[in-house]
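Rule-based calculations on the coordinates, nothing more; no lab input. Remember, predicted model here, so these are calculated numbers, not experimental data. Glycine also receives a Cβ, built like all others from the backbone with ideal geometry; neighbour counts cover every protein chain displayed.
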Amino acid sequence: MTTFIIIATIGWLISLITAVMGLMVGWRDKDKHGFYDSFKLLVLSIPGGFVIGWILLGAYVKMDLIDKRFNDDDKPGRTKG
């Protein structure tokens, strides 16, 4: 699970850095379409990173805290009545 979180975070950072670099190159070269495309990527990567973060946090809580607390191997025993 930790590996997945690290890979997702690295992917999000690469997307964010790519968008910022595209903004700078579009601004420097006066390329309106490149600037707008980079801005769209920036706008989508920020909330995308938050969504991925919340999903990964929920998966971590479920797997490491909740699943370890409740053992699925427990079967109800027979009671004498």
Simple spin-label model, 7 Å along Cα-to-Cβ: Asp64 to Ala8 in nm?
-> 1.3 nm
Residue exposure sequence - Asp64, Asp37 - by fewest surrounding Cβ within 10 Å | Asp64, Asp37
The local net charge around Leu56, scoring Lys/Arg +1 and Asp/Glu -1 for residues other than Leu56 whose Cβ lies under 13 Å from its Cβ, equals 0
The answer for chymotrypsin sites (Phe, Trp or Tyr not before Pro) in segment 32-70 that fall in a DSSP coil and have at most 12 neighbouring Cβ atoms within 10 Å is Phe70
Per-residue ³J(HN,Hα) for segment 33-40, Karplus 6.51 cos²θ - 1.76 cosθ + 1.60, θ = phi - 60°, Hz, x for Gly and Pro | 5, x, 5, 5, 5, 5, 5, 4
Note the listed values (1) 48; (2) 21; (3) 16, then indicate which one is percent of Cα pairs over 23 Å apart calculated from this particular structure.
-> (1)
